[in-house]
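The structure appears below as structure tokens.
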Amino acid sequence: MPIAELTRNAIDVLPKGELEKKLAKGRPLRVKLGIDVTSPDIHVGRGIPLQRMRAFQDEGHKAVLIIGDYTTRIGDPSGRSSERPILSDEEIDTNARKYLEQAKVILRDDPELLEVRYNGEWLSKLSYAEVVRLARVITVARMLERDDFEKRYRAGEPISISELLYPLMQAYDSVAVEADVELGGTDQLYNLLAGRDVMEAYGLEPQVALTTPLLLSWDGEKMSSSVGNNIPLTAPPEEMFGRTMRIPDSMLEDWYRLIVERPVPEGDPMSAKLALARLVVERSHGAEAARGADEHFTRVVRQGEAPEDVPEAPFEAADGRVYLPGLLATLAGNSTSHWRRQIDQGGVKVNGASVAGYEVDAATLDGALLQAGKRQFFRLRPA
């Protein structure tokens, strides 16, 4: 595989020429990617560096996937305007299991090509003296050169010492696994370069830093699990398909380039978007699931029909009336105020007709088809 395939879509490959030198050694490289478990899923945007890791695997190199169970307790400050909230040990453990399952959607699950490590293995054992040694590698002045730290410092916003330590902890991961290459999004460049300094301070050959673009979601913002504008790699097929179809036509070229790694097919944008959604679902769930998701989207969204299998949902009445915003919040999530707005905008239907008010006669709901938005349907029955 030409080096251009290994570095496809890369923004930075630093220092220049170092990757070629490492490849010339004629041995499998150790290609590191660390993922903190701050949310319960890996979305297609965070899958982009995983795709580069898979490319290295396909050439016989070792993917070293680090689950940041320990660094999650600090919280990566990259791109943040405030300190991240700390998760409980139970949340971290649950997310770590889910992350590994989702990463294997893209990575080859071969023990010869994949090494999975948890950084609590070594970070939890660092003595105070070792942390002090590590902290000597990078100065405070250099830390404050980071855009996110600089902005917060100038605005008088707090920056905790633990956040300053984060890049050093991530860098120590590279020491622990003796990384040859570290992958990450462009927002990780500072951390990846800090890894070079720390590796050198520990007498190791510094790693190559390879960054990939951040994927913008349908709202024009960076894809984020916390914001909800994401597509988890193991989301249900219909959900993955529907969310992919939300992207505007102007984003098709970037999504094809970054996710599918091929040009946009010729033809109209709708056909290209449908093909993209099928490919996104097929990678995670297979061709049959992709066909089913396509048919579901066409029937439910494009043709406005109800899906074949509608879940039954119980409702309770008060004085013969049902408060729909409360029922919808229970059945479909979101707040009651969200569903009041949806009702006001005609986004909630009963038996195909938009609901005019928030309260409905309970007698009319027995066996009725409740539609919440474009894709959520419920067959109502009295509790």
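The values are calculated or read from the model by the stated rules, or taken from the named source; none is laboratory data. Given the structure is predicted, the values throughout are model-derived calculations rather than measurements. In this analysis, Cβ positions are derived from the backbone assuming ideal geometry, glycine residues included, and neighbour counts consider all displayed protein chains.
For region 27-51, a residue qualifies if it is in contact (Cβ under 8 Å) with a residue 24 or more places away in the chain and within 19 Å of Glu112 (Cβ to Cβ), and the qualifying residues are Pro28, Leu29, Arg30, Val31, Lys32, Leu33, Leu50.
Taking the condition under 20 Å from Arg243 (Cα atoms) and at pLDDT 90 or above, does Glu295 pass?
On the way: under 20 Å from Arg243 (Cα atoms): yes; at pLDDT 90 or above: yes.
The answer is yes for Glu295.
Listed by first and then second residue, the pairs with beta-carbon distance under 6 Å, at least 6 apart or on different chains, first residue in region 161-185 and closer than 28 Å to Arg27 by Cα and in the same structural domain as Val140 (by TED's automatic domain parsing), second aromatic (Phe, Trp, Tyr) and part of a helix (DSSP H, G or I), are Ala176/Trp122.
Take region 173-193 and flag every residue that is surrounded by fewer than 24 Cβ atoms within 10 Å (Cβ to Cβ) and assigned to a helix (DSSP H, G or I). Of everything in region 173-193, those that are surrounded by fewer than 24 Cβ atoms within 10 Å (Cβ to Cβ) and assigned to a helix (DSSP H, G or I) turn out to be Val175, Ala176, Val177, Thr186, Asp187, Leu189, Tyr190, Leu193.
Of the helices (runs of 4 or more DSSP H) lying entirely inside region 98-171, those carrying at least 2 residues that are surrounded by fewer than 14 Cβ atoms within 10 Å (Cβ to Cβ) and not basic (Lys, Arg) are 128-135, 140-143, 147-154.
Residue count for region 109-153, restricted to those that are among the hydroxyl-bearing types (Ser, Thr, Tyr) and either within 16 Å of Val175 (Cβ to Cβ) or in contact (Cβ under 8 Å) with a residue 60 or more places away in the chain (or both): 3. Glu150 meets the conditions (1) charged (D, E, K, R); (2) at pLDDT 90 or above; (3) more than 22 Å from Arg117 (Cβ to Cβ) in every case but one. The failed one is (2).
From the list Asp254, Asp249, Asp219, which one is at pLDDT 90 or above, charged (D, E, K, R), outside the structural domain of Ile42 (by TED's automatic domain parsing) and farther than 27 Å from Leu14 by Cα? First the steps, then the outcome.
On the way: Asp254 fails: farther than 27 Å from Leu14 by Cα; Asp219 fails: at pLDDT 90 or above.
Unique residue meeting the criteria: Asp249.
Just one of the numbered conditions (1) more than 27 Å from the chain's Cα centre (by Cα); (2) modelled with pLDDT of 85 or more; (3) crowded, with 17+ Cβ neighbours inside 10 Å is not true of Ala332: (1).
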